[in-house]
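Starting off with a structure, shown below.
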Amino acid sequence: MANIAHQFMRELTAPQAWILLLLPLFLFLVRYSLSARRARKIRQQQDDHHLPPSPPALPVLGHLHLVGSLPHVSLRNLARKHGTDLMLLRLGAMPVLVASSPRAAEAVMRAHDHVFASRPHSLVAEVVLYGPSDVGFAPYGEYWRQAKKLVITHLLSVKKVQSFRHAREEEVGRVMGEIGEAAAAGVAVDVGDLLSAFTNDLACRAVMGESFRREGRNKQFRELVADTSPPLAGFNIEEFFPFLARFGVLSKVVRAKSERLRRRWDDLLEPLIDDHERQYDAATATATESDPKGFVDFIHVLLSVREEYGLTREQMKALLLDVFFAGIETSAAVLEYTIAELMRRPHLMKKLQAEVRSCVPKGQEAVTETDLAGMTYLRAVIKESLRLHNVTPLVAPRISMASCSIDGYTVPAGVRVLINSWAIGRDARFWEDDPEEFVPERFIGDGSAAHFSFRGNDFQFLPFGSGRRMCAGMNFAMAIVELMLANFVYCFDWELPPGKERQDIDMAGVFGLVVNRKEKLLLVPKFRVC
Ligand code: HEM
């Protein structure tokens, strides 16, 4: 490569070589002067239109250098430093509004929900999610409205989630069996791995009726989710500098990488849809009024409503992908954070075990969904975990579709909006009793947050977002998390591996579509003494 460059340079005349060497500098200066002009324009607009406050920025980069590897943490620190709950930043060329208080969140997600109900464009989502034609990334409009209605009605409503009870209990039972083998052998289990395999198997069962564990297909799904999530999470260079993407090279690289991912998804999904289509056609040919051949998995459901909703094959695939991206890592990460907190605080683990074990009839091997009804402390533990370790800390980005006014400031159209719900959940102005501590008691009895729900009406507590774009899978997720946590603490007692102390458990996370714990959680299961 170096030789080719050398030869190429030798073949140029001296002035040509100079022009070539100076070209990047020239492009940079042009870009710099345009950015400086834009920065002056923003300052001017700030004076004229009373834009939200903005900390000092660098040329070209704007505030990009202030965003670290954990954006929710750096944005919280920045808001604190400048004493403002509504900040207008410039990340490269992209204007970003950051809301860091319940009041600002309410303005975005309730008062002006209609203005902020769309998602910003992402090249990766455009390619991987066919348009995007899923629910999570689709721009606001009729397609999104119909797609969300379809997904909720046929997969995620309370009734549908209840009908999935048998699969949940069966999969939890299988995981307990696996843990039992480790307990018998006296070895540690990798809790994160176990949980993400479990939520992945459930997603596979919901989507295609089987986990395909034996064929190893569930592993392929997990690997593919793990490879696709980071680029889908945003904070990518082409989003900050759209002019670089327009020059071609960067956009080609991102597009090519995304197309490779989409092809891998196609290879997995296409044969599954084909199989289902064959079964569906055969079954509908023999269906009668008394035996309508009700189908239970999501691919069958999509096949049965494709004409009613006018769905293309690509749109069907995009809707299936939502279950994988939204449903696997989120619930597994919530469970892992919760278990890690309980291991750090043995008195809370004991209190939870006492509740769960007292609610299950004597001699019963596992917790069923019927037993969950009386477990108020279990629900408080999960809520506290969702507050302190919000696994979607910046909710999911929105974009302003028109100009509007918040708290007397003008928010122009086309501004990306981040709600720092992680920061809000840890802010001492809105939470009593040491908000950095894990205290489930705040959510029960006469605790300060006893009346808070996560259904999007309490803007201090937004683990599932709020408003029109609120999470569609909340019921699905909570059913999984509650049943798994209850069984985890019911069936076994847990110890740390030799040499590990509870104060050594590191709660640090890695940012992505979902924030996951960085450190592996290895725990040794012990059969409980009745
Ligand atoms: C504990 C687990 C989960 C958490 C913490 C969570 C959190 C979130 C959050 C914060 C949003 C963005 C909401 C907003 O913009 O206001 C969201 C959107 C969404 N979630 Fe979840 N989620 C979870 C599980 C699930 C599951 C299991 C599914 C489906 C199987 C799901 C499906 C969706 C969909 C489709 C959207 C997009 C909604 C839209 O844009 O209209 N989620 N979720």
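The values are calculated or read from the model by the stated rules, or taken from the named source; none is laboratory data. As the structure is a computational prediction, the values presented were derived from the model and not from experiment. Cβ coordinates were reconstructed from backbone atoms using ideal geometry, including for glycine residues, and neighbour counts include every protein chain displayed. These accessible areas exclude ligands, DNA and RNA; they are computed on the full protein's heavy atoms, side chains included. Shrake-Rupley method; radii C 1.70, N 1.55, O 1.52, S 1.80 Å.
Given the criterion within 11 Å of the ligand (Cβ to nearest atom) and in contact with a strand residue (DSSP E or B) (Cβ under 8 Å, 6 or more places away or on another chain), identify the matching residue among 510, 515, 481. If you could, list the steps in order and put the result at the bottom.
On the way: 510 fails: within 11 Å of the ligand (Cβ to nearest atom); 481 fails: in contact with a strand residue (DSSP E or B) (Cβ under 8 Å, 6 or more places away or on another chain).
Criteria check complete, one pass: 515.
How many residues, within region 117-162, are under 17 Å from residue 206 (Cα atoms), away from the ligand (no atom under 11 Å from the Cβ) and assigned to a loop (DSSP other than H, G, I, E, B)?
1
Also, I was wondering about something else. Has region 383-395 got any residue that is within 17 Å of residue 439 (Cα to Cα) and of a type in the set (Asp, Glu)?
Start the filter on region 383-395 by keeping residues that are within 17 Å of residue 439 (Cα to Cα), which leaves 383-390.
Going one step further and asking which of them are of a type in the set (Asp, Glu), we end up with 384.
Yes, region 383-395 contains at least one residue that is within 17 Å of residue 439 (Cα to Cα) and of a type in the set (Asp, Glu).
Report, by residue number, each residue of region 444-457 that is within 16 Å of the ligand (Cβ to nearest atom), touching a residue at least 12 places away in the same chain (Cβ under 8 Å) and either charged (D, E, K, R) or open to solvent by 30 Å² or more (accessible area, probe 1.4 Å) (or both). First the steps, then the outcome.
Keep residues of region 444-457 that are within 16 Å of the ligand (Cβ to nearest atom), which gives 452-457.
Subsequent filtering for residues that are touching a residue at least 12 places away in the same chain (Cβ under 8 Å) retains 452, 454-456.
Correct list: 455 only.
Provide a single number: the residues in region 185-216 that are under 17 Å from residue 497 (Cβ atoms) and surrounded by fewer than 22 Cβ atoms within 10 Å (Cβ to Cβ). Outline the logic, then answer.
First, the residues of region 185-216 that are under 17 Å from residue 497 (Cβ atoms): 185-194.
Still in the running and surrounded by fewer than 22 Cβ atoms within 10 Å (Cβ to Cβ): 185-190, 192-194.
Here the count works out to 9.
Can you tell which of 411, 360, 381 is over 30 Å from residue 226 (Cβ atoms), surrounded by 23 or more Cβ atoms within 10 Å (Cβ to Cβ), more than 11 Å from the ligand (Cβ to nearest atom) and touching a residue at least 40 places away in the same chain (Cβ under 8 Å)? Reasoning before the result, please.
Numbers: 360 fails: surrounded by 23 or more Cβ atoms within 10 Å (Cβ to Cβ); 381 fails: over 30 Å from residue 226 (Cβ atoms).
Sole residue among the options that is over 30 Å from residue 226 (Cβ atoms), surrounded by 23 or more Cβ atoms within 10 Å (Cβ to Cβ), more than 11 Å from the ligand (Cβ to nearest atom) and touching a residue at least 40 places away in the same chain (Cβ under 8 Å): 411.
Name the residue that is farthest from residue 227 (Cα to Cα), counting only residues in region 243-299 that are aromatic (Phe, Trp, Tyr) and at pLDDT below 75. Before you say what the answer is, go through the steps one by one.
Kept after step one, since they are aromatic (Phe, Trp, Tyr), are these residues of region 243-299: 243, 247, 265, 280, 295, 298.
Now restrict to residues that are at pLDDT below 75: 243, 247, 295.
Details: 243: 26, 247: 26, 295: 31 Å.
Filtering first and then ranking leaves 295.
For the structure I just gave you, tell me whether residue 104 is away from the ligand (no atom under 12 Å from the Cβ), open to solvent by less than 20 Å² (accessible area, probe 1.4 Å) and among the aliphatic types (A, V, I, L, M).
On the way: away from the ligand (no atom under 12 Å from the Cβ): yes; open to solvent by less than 20 Å² (accessible area, probe 1.4 Å): yes; among the aliphatic types (A, V, I, L, M): yes.
Considered against the rule, which asks whether it is away from the ligand (no atom under 12 Å from the Cβ), open to solvent by less than 20 Å² (accessible area, probe 1.4 Å) and among the aliphatic types (A, V, I, L, M), residue 104 comes out as yes.
Oh, and also: Quick one: residue 93 ticks every box in (1) open to solvent by 20 Å² or more (accessible area, probe 1.4 Å); (2) closer than 14 Å to residue 395 by Cβ; (3) of a type in the set (Gly, Ala, Ser) except a single one, so which number is it?
That leaves (2) as the condition not met.
Among the residues in region 330-352, are any acidic (Asp, Glu), assigned to a helix (DSSP H, G or I) and within 16 Å of the ligand (Cβ to nearest atom)?
Initial filter on region 330-352 (acidic (Asp, Glu)): 336, 341.
After this cut, where a residue has to be assigned to a helix (DSSP H, G or I) as well, the list is 336, 341.
Remaining after also requiring within 16 Å of the ligand (Cβ to nearest atom): 336, 341.
Scanning region 330-352 turns up at least one residue that is acidic (Asp, Glu), assigned to a helix (DSSP H, G or I) and within 16 Å of the ligand (Cβ to nearest atom).
Considering only region 432-443, how many residues are crowded, with 22+ Cβ neighbours inside 10 Å and out of contact with any Ser or Thr (no Cβ under 7 Å at 6 or more places or on another chain)?
Taking region 432-443 first, the residues crowded, with 22+ Cβ neighbours inside 10 Å are 440, 442-443.
Retained after the next criterion (residues that are out of contact with any Ser or Thr (no Cβ under 7 Å at 6 or more places or on another chain)): 440, 443.
Count: 2.
Rundown of residues vs (1) surrounded by 13 or more Cβ atoms within 10 Å (Cβ to Cβ); (2) in a loop (DSSP other than H, G, I, E, B); (3) charged (D, E, K, R); (4) at positive phi, yes/no style:
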{"site": "488", "(1), (2), (3), (4)": "yes, no, no, no"}
{"site": "493", "(1), (2), (3), (4)": "yes, no, yes, no"}
{"site": "500", "(1), (2), (3), (4)": "yes, yes, yes, no"}
{"site": "503", "(1), (2), (3), (4)": "no, no, no, no"}
{"site": "529", "(1), (2), (3), (4)": "no, yes, no, no"}
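Among all residue pairs at least 6 apart or on different chains, which show Cβ distances below 8 Å where the first residue, located in region 203-221, is over 18 Å from residue 296 (Cβ atoms) and the second is of a type in the set (Phe, Trp, Tyr)?
The qualifying pairs are 218/212; 221/324.
For region 298-315, give me the residue count where each residue is within 15 Å of the ligand (Cβ to nearest atom) and open to solvent by less than 10 Å² (accessible area, probe 1.4 Å). Even if it seems obvious, please write down each step before you answer.
If we filter region 298-315 for residues that are within 15 Å of the ligand (Cβ to nearest atom), which is where we start, we get 298-299, 301-302, 315.
This time we only want the ones that are open to solvent by less than 10 Å² (accessible area, probe 1.4 Å), so: 298-299, 302.
The number of residues fulfilling the criteria is 3.
Among (1) away from the ligand (no atom under 16 Å from the Cβ); (2) assigned to a loop (DSSP other than H, G, I, E, B); (3) touching a Phe, Trp or Tyr at 6+ places or on another chain (Cβ under 8 Å), where does residue 430 come up short?
Failing condition for residue 430: (3).
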